[in-house]
Amino acid sequence: ARLELRGARVLDGAASTKRPILEKLNLSLEAEGEASVRVKGDGATATGGSMLWDLHVTPRDAKVEGQVALRDVPLALFTPVLPKLPFYELERTRVGANLAITGKGLESASVRGELSISELGFESERIAKAPVGPVSFTARGQATWTPARRELSNLRGEMIVDTARVMVSGAPAWPEDAYRIDVKAEMPKTKCASALAIVPDGVLDELSSVELKGDIKAKVELH
């Protein structure tokens, strides 16, 4: 059996203008023997980004395996699963990813690959007087996502900002009524100027013009 959907369009039902979220959406489901179904699809966002997925689903075992790729997709599309942070102009933030996924129903999913976020900003008087950012970074590694707890467990990876690298491990979570942080971060020996570049614009205020020489390394454990 094979089922195909071509050229679909997804609109934002919460917006009064019913603006499009996804366009040129193609989806196919094809039986692979008696045990599994292959789910393939691709589409374009209204902002010029694109997404593609190729998954093998085994209903009997509630198992999902496959690949997901994103290019210049608005981060705002993922608002339902994002932590409740004071994002600034979230619709400008873009996400790119190449991920390998192994999941078990809606219980959990192991994710491995590369994720990039650009033009990320925050706005809160508790952080700075003016909006903070934009921040852009690339992350490589793996983690297990548990939707019911909104938790990233078994997190191990590397975050790259400009020329600085930070190794990260731990298990951050953001359930409905709280935040839980159990994270270790380590920055190997790095030029001070590169380390300073990690700090987003707006945080240092007048200190942002300070020039530093020499090297720095750091290790942080946050619980």
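Sum up the charges of everything whose Cβ sits under 15 Å from the Cβ of residue 48, counting Lys and Arg as +1 and Asp and Glu as -1, but leave residue 48 out. Net local charge, residue 48 excluded: 0.
Residues of the stretch 39-65 with amide nitrogen under 17 Å from the 7 Å Cα-to-Cβ point of residue 6? Under 17 Å, as judged by backbone N against the label point of residue 6, lie 40-44 of the stretch 39-65.
Beyond 23 Å in Cα-Cα separation lie the following of the pairs 84/104; 191/219; 184/213; 84/129; 24/84: 84/104; 184/213; 24/84. Would you mind telling me which residue in 150, 140, 60 has the biggest mean-square fluctuation in a Gaussian network model of the chain, where springs connect alpha carbons within a distance under 10 angstrom? Of the options given, 60 has the highest mean-square fluctuation.
Note on exposure: 179, 88 ranked by accessible area (1.4 Å probe, complete protein assembly) read 179, 88, with the most exposed listed first. The local environment of residue 216, defined by Cβ-Cβ distances under 15 Å, has a net charge of +2 under the rule Lys, Arg +1 and Asp, Glu -1. Across the protein chains, with a 1.4 Å probe defining accessible surface, the residues 187, 159 rank 159, 187 from largest area downward. The candidates 114, 91, arranged from most to least accessible area with a 1.4 Å probe in the full protein assembly, appear as 91, 114. Solvent-accessible surface (1.4 Å probe) assigned to residue 145 amounts to roughly 60 Å². Residue 210 contributes an accessible area of around 70 Å² to the protein surface, as traced by a 1.4 Å probe with all chains present. Annotation for the stretch 178-199 versus the stretch 136-172: alpha-carbon center distance of 12 Å. Accessible surface of residue 12, taken over heavy atoms with a 1.4 Å probe and every protein chain present, rounds to 30 Å². A cut-off under 14 angstrom between Cβ atoms defines the neighbours of residue 152, and their net charge, with Lys, Arg +1 and Asp, Glu -1, is +4.
Note on residue 163 and residue 81: their simple-model spin labels are 3.6 nm apart, each label 7 Å out from Cα toward Cβ. For the chain, what Kirkwood radius comes out of the mean inverse Cα-Cα distance, in Å? Computed over the chain, the radius equals 19.8 Å.
Entry note, the stretch 10-104: relative contact order of 20 percent, from Cα contacts under 8 Å with a spacing of 6+ residues. Taking Cα centre as origin and charging only the Cβ of basic (Lys, Arg, +1) and acidic (Asp, Glu, -1) residues, the dipole magnitude of the stretch 31-98 rounds to 180 debye. For a paramagnetic label modelled on residue 104 (point 7 Å from Cα along Cα→Cβ), amide N atoms under 13 Å away belong, within the stretch 44-84, to 61-64.
The values are calculated or read from the model by the stated rules, or taken from the named source; none is laboratory data. These numbers come from a predicted model, not from an experiment. Neighbour counts are summed over all protein chains in view; Cβ atoms, including those assigned to glycine, are modelled from backbone coordinates with ideal geometry. Areas reflect the complete protein model, heavy atoms only, side chains present, ligands, DNA and RNA absent. Shrake-Rupley method; radii C 1.70, N 1.55, O 1.52, S 1.80 Å.
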